[in-house]
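Working notes, structure below.
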Amino acid sequence: MQLLSALSLIALLATQASAAILDQYSFNFGGTGSVSPTVKNVNLADAGITSTPAANQCIYPSVADAWTNLQFSRGVFYLAPGAHSISIKMYSSPYGGGSSVAIIGTGTNTADFIDQSTIPSWAVVTNGLPNAKVQTRAAAAAICASKGMILAAPTKQTWDAVAAALQSSPAIVAPSSTVIVSSWDGNDYGGADLALTVIKGAKPSVGGLTLAAAPAYPLCQKDPSQTQTPAYQPVVMDANIAVVGPAGDASKLVDACAKVNMVPYLATAFDPTTCKHVSDLVFQASGQNSQAYIAGWNEPDNYLYAINTGATGGSCTVTQATGGSHYYVCQKKAVAKRSEL
């Protein structure tokens with residue numbers, strides 16, 4: 001049996017699980033109570049730990065509901081083709097044990113087995129290797145599909161979001177680079193192999209569209225047909241501030257806050273105490289050296305801004321965001337008051 005896509009783990013609410021890939025095809029699932037199967041792969045190393053759940057509660061819904069609920073621990077682990085043995089053990093649980101589920105995806109439709117909340121809206125897929133460069137739309141589309149994405153179809157209207165994703169991509173170098181795309185501004189030129197020239201700068205810009213004359217990395221985008229409105233909810237919060245998930249790109253900041261009846265947090269130099277407190281909350285939600293999207297610094301800004309946790313949290317450090325998938329910081333809506341005589 002060939003396992004071509006991903007292993008998705010959903011562990012008991014408020015329980016983190018560790019998963020591993022072994023060298024034979026068998027399963028050993030962690031059960032309730034004290035059942036904790038050993039977890040080692042062929043290199044005697046853990047494959048990884050699932051996410052930290054947002055709350056402690058011992059209620060087990062359906063697998064599908066658990067996968068979309070931040071109160072459950074979850075993770076995605078990729079399998080190479082071949083036979084595997086998979087075992088799961090509890091990593092941390094307030095109950096001394098727990099239950100877990102593994103979903104094994106077979107076939108080539110990897111998008112079915114990838115957590116959609118982890119897929120960026122736009123990305124140049126390099127796989128970290130020069131040989132990821134291709135020259136045909138078919139080869140580029142196959143690379144995108146392996147990441148649960150489709151070959152990108154950028155337009156003038158979406159270019160700002162694309163440029164934000166390209167800004168931190170190591171594949172885009174000065175003075176310009178090319179990427180393989182499926183179309184530009186709605187025109188696929190009869191299915192031709194297309195290369196989009198991207199001019200490197202403070203904000204990447206379009207240099208032109210040509211037939212692909214040499215191998216280049218594919219520009220991929222999240223498949224609109226797979227896009228669902230996430231069930232946004234606070235990961236950590238206090239009376240006035242919430243760090244909201246699931247994580248996503250900066251374009252979802254307003255929507256995420258609106259879903260919890262709040263507005264995007266605006267950091268200011270005039271209130272460093274709150275700013276430091278927000279950094280602490282983000283640290284609780286996503287750990288050290290992480291970011292969360294905010295509305296801006298001192299005044300709302302359409303550019304990407306984020307608050308940074310640093311190594312310990314508690315620091316009011318606001319920078320232009322590097323893009324990628326992060327939580328959102330929301331604040332309680334201000335209440336307008338007036339009096340009339």
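The values are calculated or read from the model by the stated rules, or taken from the named source; none is laboratory data. Remember, predicted model here, so these are calculated numbers, not experimental data. Cβ sites come from the backbone with ideal geometry, for glycine too, and all protein chains shown count toward neighbours. The protein model used for the area step is the full one, side chains on, heavy atoms only, and it has no ligands, DNA or RNA in it. Shrake-Rupley method; radii C 1.70, N 1.55, O 1.52, S 1.80 Å.
Could you list, in sequence order, the residues of region 249-259 that are modelled with pLDDT of 85 or more and open to solvent by 30 Å² or more (accessible area, probe 1.4 Å)?
Once the filter is applied, which keeps residues that are modelled with pLDDT of 85 or more and open to solvent by 30 Å² or more (accessible area, probe 1.4 Å), region 249-259 yields K252, V254, D255, A258, K259.
Which of the residues belonging to region 265-279 are out of contact with any strand residue (DSSP E or B) (no Cβ under 9 Å at 6 or more places or on another chain) and surrounded by 15 or more Cβ atoms within 10 Å (Cβ to Cβ)?
K276
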Worksheet entry | Counted residues, region 152-166 - those being in contact (Cβ under 8 Å) with a residue 60 or more places away in the chain and open to solvent by 20 Å² or more (accessible area, probe 1.4 Å) | 4
Worksheet item: What number of residues within region 186-206 are out of contact with any Lys or Arg (no Cβ under 6 Å at 6 or more places or on another chain) and open to solvent by 50 Å² or more (accessible area, probe 1.4 Å)?
Response: 10
Worksheet entry | Tally of residues being buried (at least 17 other Cβ atoms within 10 Å of the Cβ) and in a strand (DSSP E or B) across region 167-185 | 6
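Give me the residue from region 142-168 that is of a type in the set (S, T, N, Q) and over 14 Å from Q221 (Cα atoms) and, out of that set, nearest to the chain's Cα centre (by Cα).
Restricting attention to region 142-168, the residues satisfying the condition of being of a type in the set (S, T, N, Q) are 146, 155, 157-158, 167-168.
Imposing the further condition that a residue be over 14 Å from Q221 (Cα atoms) reduces the set to 157, 167-168.
Details: Q157: 23, Q167: 17, S168: 15 Å.
Filtering region 142-168 for residues that are of a type in the set (S, T, N, Q) and over 14 Å from Q221 (Cα atoms), the one nearest to the chain's Cα centre (by Cα) comes out as S168.
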Worksheet item: Among the listed residues P218, P234, P246, P230, which satisfies the condition of being in contact (Cβ under 8 Å) with a residue 24 or more places away in the chain, part of a loop (DSSP other than H, G, I, E, B) and surrounded by 15 or more Cβ atoms within 10 Å (Cβ to Cβ)?
Response: P230
Item to complete: Go through (1) within 15 Å of the chain's Cα centre (by Cα); (2) among the charged types (D, E, K, R); (3) more than 12 Å from V329 (Cα to Cα) one by one and return the number of the condition K276 breaks.
Response: (1)
